[in-house]
2 protein chains.
Amino acid sequence: MRGKPLATIISAGLSKFGRREGVYARELFAEAALSAFHRVEKLDPSKDIKAAFIGQMSEAYEHQAHTAPIAASWAGIFPAPAMRIENACASSGSALRCGIMAIMSGLYDIVLVGGVEKMTNQPTPEVTGILATASDYPFEQWNGMTFPGLFALMATVHMHEYGTTEEQMAAVAVKNHKNGALNPNAHMQKEVSMDEVLKSRLVSWPLKLYDCSLITDGASVVILTKPKLAKKLSDNYVHIIGTGQAQDTFCLHERESLTTVKAAKTAAQEAYKMADVRPKDINVAELHDCFTIAEIIGYEDLGFCRPGQGGKYVESGAPDLKGSMPVNTSGGLKSKGHPVGATGTAQIHELYLQLTDQADRRQVKDAKIGLAHNLGGSGATGVVHILKGS
Amino acid sequence: MRGKPLATIISAGLSKFGRREGVYARELFAEAALSAFHRVEKLDPSKDIKAAFIGQMSEAYEHQAHTAPIAASWAGIFPAPAMRIENACASSGSALRCGIMAIMSGLYDIVLVGGVEKMTNQPTPEVTGILATASDYPFEQWNGMTFPGLFALMATVHMHEYGTTEEQMAAVAVKNHKNGALNPNAHMQKEVSMDEVLKSRLVSWPLKLYDCSLITDGASVVILTKPKLAKKLSDNYVHIIGTGQAQDTFCLHERESLTTVKAAKTAAQEAYKMADVRPKDINVAELHDCFTIAEIIGYEDLGFCRPGQGGKYVESGAPDLKGSMPVNTSGGLKSKGHPVGATGTAQIHELYLQLTDQADRRQVKDAKIGLAHNLGGSGATGVVHILKGS
């Protein structure tokens with residue numbers, strides 16, 4: 001199946017990301033779904049969509065499990081089957097893989113994939129505790145480890161081994177906030193200066209407040225169909241030509257190296273091979289910048305630059321909106337926000353806009369091939385998708 | 001694809017079900033996986049199994065989300081991709097559907113599907129609260145509703161409309177405990193008398209302690225492959241010939257009727273049609289007896305008897321081990337136990353044993369076609385699978 005479409009995205013939708021007070025996750029999900037439905041007038045969603053795969057990380061935020069049928073039915077998908085997929089921050093990236101398999105299996109012609117997380121109703125220390133459940137309970141949480149701590153460990157090793165600097169990490173934040181300022185759905189639509197990032201409050205050295213992604217409420221949705229049905233249903237469609245997923249060791253202490261996320265690297269190799277493209281063929285990418293160091297390691301794992309060169313790569317301007325390989329045109333998790341369960345398909349939403357020439361002020365000229373890089377936890381899960389404009 | 005195998009089960013495994021002190025969910029999962037691996041000597045699991053789909057209901061029991069890569073890697077499935085599927089008590093029934101789609105998609109030749117829940121480390125009132133997250137937070141939990149309460153509502157309407165009696169519900173418990181007493185993996189391997197059930201402590205009228213399934217630790221695993229590869233890999237394989245899943249309204253107050261679980265009925269119709277079989281063709285079935293009334297409604301929804309006749313059906317002896325349609329030969333959720341995330345594939349494990357003539361003292365003679373009926377929550381999710389011996 002090298003280079004052939006696996007499934008085709010005929011629409012995508014996003015809720016407004018941010019601190020969304022007074023709404024439940026189900027309402028955010030319906031908002032994202034409606035915005036996807038509005039793009040495909042030929043579709044009768046409640047009749048035509050035959051199954052839903054919905055990413056969500058935690059039932060702790062709203063004391064609500066079994067979320068998929070709730071979210072699906074609030075979006076009008078009923079009585080079609082719905083299931084929740086959970087792989088920490090890679091939940092909806094993983095859900096997308098289920099959607100692709102559902103289409104490829106021949107069981108369904110049209111399915112909905114999405115993700116949602118309602119986080120801000122819990123106080124921040126509680127959110128930190130909930131997020132920590134994506135790390136290992138006996139080996140990491142029990143010792144007081146939190147996510148900023150885990151990624152700070154990776155950052156310090158990267159600094160030690162390759163001379164990566166705090167300024168280089170800050171440059172990721174500056175770039176992504178610049179992009180996010182152009183995205184009307186982003187949580188934090190404002191630019192930040194290098195100085196502001198470097199002087200922001202220390203979270204876990206060397207990571208400062210502006211090195212961290214946002215605690216955000218939001219939802220995202222994409223609609224998939226068989227490649228041959230796409231044209232009949234939508235004027236703007238994008239093919240998925242590569243999908244990859246792999247595991248790295250769950251705990252950091254078991255890894256051979258802390259300067260690479262092997263799960264993402266393996267997933268990328270699988271997706272590149274399936275899509276029959278190379279890193280230099282990618283025109284636009286959404287990377288999992290849960291912390292600025294994660295984007296730097298991402299450049300390397302995806303082959304955008306050589307190992308250890310990620311810091312220099314961002315300094316070079318290559319991943320800028322007008323650079324040779326624009327990364328996180330949406331603003332990324334850093335500025336658009338990181339409602340964990342929604343992040344995977346929110347990345348796909350941005351690529352859908354880019355590859356159908358609908359990204360407005362963030363549009364990358366002549367974008368033909370896009371890549372999404374979605375991590376779960378501290379990288380125990382890596383999911384990579386490659387998309388191609390039609 | 002009517003009547004054709006969708007995917008084939010080449011092995012199945014179960015952990016010992018029960019109060020398993022001092023072990024984590026990951027260890028239970030590895031135990032179930034190993035017991036499945038032992039049945040297929042031709043397989044090199046860590047090399048040949050290419051993906052894992054793992055059902056688990058709640059991260060609250062062990063403060064552990066992102067469970068799939070942990071469970072998979074402890075079972076030796078690494079670095080193959082793993083994802084968690086959550087649909088309350090239908091989590092691993094739903095995971096099985098992902099496994100089937102993964103095989104049918106052509107992306108993978110061999111995958112592992114399973115489920116796990118470690119529940120008894122939490123005190124019972126806490127477990128009741130965790131289970132309640134599978135019901136609606138604003139509309140049900142908020143009003144103090146718990147699962148025994150929800151099923152008690154169904155039971156009272158069934159009694160009112162059809163004259164179903166407490167004795168008929170108790171007969172389900174008596175039958176299932178009789179079967180469970182023959183199952184060395186069951187949590188509660190003992191028979192109970194009608195009198196013991198009727199005199200047991202009231203939980204939520206008309207449901208008494210012995211009308212309720214057990215809070216259990218356990219895990220279950222099945223290994224799937226393409227139908228044409230099965231013979232090469234295993235001497236004992238079973239084809240999946242039908243799969244169905246649907247939603248009913250999430251909350252009971254929105255339903256047209258409380259005496260049927262429409263999601264299960266719709267799922268069954270879909271599975272019967274796909275498998276090209278009728279209820280009378282089924283030789284052995286595992287039903288979701290989370291409460292005795294659920295099995296009675298299950299008989300009716302699956303077409304084993306007419307609506308309203310479920311009480312009389314169990315009294316007739318038809319679903320007994322030696323009856324015309326043995327139901328819950330494993331002991332069911334009632335006696336084998338109900339580690340929620342593990343239940344869906346634990347049902348499949350029992351059918352695998354029955355259809356490969358390995359069920360020992362519980363063996364149903366000449367069992368050729370089996371059915372599994374798995375509910376999520378109070379029936380918002382219904383999953384039905386139909387299996388055929390080779």
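The values are calculated or read from the model by the stated rules, or taken from the named source; none is laboratory data. Bear in mind the structure is a predicted one, so any value in this text is a computation, not a measurement. Cβ placement follows ideal geometry from the backbone for every residue including glycine, while neighbour counts extend to all protein chains displayed.
What do you reckon, is B:G93 touching a residue at least 12 places away in the same chain (Cβ under 8 Å), of a type outside the set (A, V, I, L, M, F, W, C) and within 24 Å of A:S58 (Cβ to Cβ)?
Taking the combined requirement at face value, the residue satisfies it.
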Taking the condition in contact (Cβ under 8 Å) with a residue 24 or more places away in the chain, within 15 Å of B:G311 (Cβ to Cβ) and in the same structural domain as B:E350 (by TED's automatic domain parsing), does B:T164 pass?
yes
Subset of segment B:231-285, residues farther than 20 Å from B:M101 by Cβ and of a type in the set (V, I, T), comes to B:T249, B:T259, B:T260, B:V261, B:V277, B:I282, B:V284
When you go through (1) away from every other protein chain (no Cβ under 14 Å); (2) surrounded by fewer than 24 Cβ atoms within 10 Å (Cβ to Cβ); (3) of a type outside the set (D, E); (4) closer than 20 Å to A:A12 by Cα one by one for A:S204, which number turns out not to apply?
(4)
Among (1) in a loop (DSSP other than H, G, I, E, B); (2) closer than 25 Å to B:P125 by Cβ; (3) more than 14 Å from chain A (Cβ to nearest Cβ), which single condition is B:V197 missing?
(1)
Counted residues, segment A:167-197 - those being in contact with a strand residue (DSSP E or B) (Cβ under 7 Å, 6 or more places away or on another chain) and without any contact (Cβ under 8 Å) to a residue 60 or more places away in the chain:
1
Does at least one position in segment B:348-363 carry a residue that is crowded, with 24+ Cβ neighbours inside 10 Å and under 17 Å from B:T292 (Cα atoms)?
no
Tell me, which helices (runs of 4 or more DSSP H) wholly within segment B:214-312 include 2 or more residues that are buried (at least 20 other Cβ atoms within 10 Å of the Cβ) and either of a type in the set (D, E) or modelled with pLDDT under 95 (or both)?
B:292-301
Scanning segment A:39-73 for residues that are more than 9 Å from chain B (Cβ to nearest Cβ) and under 22 Å from A:H187 (Cα atoms) gives A:I54, A:G55, A:Y61, A:A71
Which one is nearest to the chain's Cα centre (by Cα), of the residues in segment A:371-390 that are within 14 Å of another protein chain (Cβ to nearest Cβ) and part of a strand (DSSP E or B)?
A:N374
Segment B:41-68, residues that are surrounded by fewer than 24 Cβ atoms within 10 Å (Cβ to Cβ), in contact (Cβ under 8 Å) with a residue 24 or more places away in the chain and assigned to a helix (DSSP H, G or I)
B:P45, B:S46, B:D48
Here is a list of conditions, (1) facing another protein chain (nearest Cβ under 8 Å); (2) closer than 27 Å to B:V127 by Cβ; (3) touching a Leu at 6+ places or on another chain (Cβ under 9 Å), and B:I100 meets all of them except one; can you say which number that is?
(2)
Kindly evaluate A:R20 against the criterion of being buried (at least 21 other Cβ atoms within 10 Å of the Cβ), in a loop (DSSP other than H, G, I, E, B), more than 10 Å from every other protein chain (Cβ to nearest Cβ) and at pLDDT 95 or above.
yes
Every residue from segment B:371-382 that is among the aliphatic types (A, V, I, L, M) and under 16 Å from B:H338 (Cα atoms):
B:A372, B:L375
Which condition number in (1) more than 21 Å from A:I241 (Cα to Cα); (2) surrounded by fewer than 21 Cβ atoms within 10 Å (Cβ to Cβ) is the one that A:A25 fails?
(2)
The condition from (1) part of a helix (DSSP H, G or I); (2) within 11 Å of chain A (Cβ to nearest Cβ); (3) in contact with a strand residue (DSSP E or B) (Cβ under 8 Å, 6 or more places away or on another chain); (4) surrounded by fewer than 24 Cβ atoms within 10 Å (Cβ to Cβ) that B:S35 misses is numbered (2)
Take the conditions within 14 Å of A:A346 (Cα to Cα) and assigned by TED's automatic domain parsing to the domain that holds A:F53 and apply them to A:G106. Does it pass?
no
For B:V172, work out the one condition from (1) in a helix (DSSP H, G or I); (2) of a type in the set (A, V, I, L, M, F, W, C); (3) not assigned by TED's automatic domain parsing to the domain that holds B:G310 it doesn't fulfil.
(3)
Please verify whether B:S15 is surrounded by 24 or more Cβ atoms within 10 Å (Cβ to Cβ) and away from every other protein chain (no Cβ under 14 Å), treating the condition exactly as stated.
yes
Kindly provide the set of residues from segment B:331-358 that are farther than 20 Å from B:A33 by Cβ and either polar (S, T, N, Q) or not assigned by TED's automatic domain parsing to the domain that holds B:E295 (or both), ordered by number.
B:S335, B:Q354
Specify the residue that is farthest from the other protein chains (Cβ to nearest Cβ); the eligible residues are those in segment A:74-90 that are outside any loop (DSSP other than H, G, I, E, B) and buried (at least 24 other Cβ atoms within 10 Å of the Cβ).
A:C89
I'd like the residue in segment A:106-154 that is surrounded by fewer than 19 Cβ atoms within 10 Å (Cβ to Cβ), at the interface with another protein chain (Cβ under 10 Å from one of its Cβ atoms) and assigned to a helix (DSSP H, G or I) and, out of all such residues, is nearest to the chain's Cα centre (by Cα).
A:G129
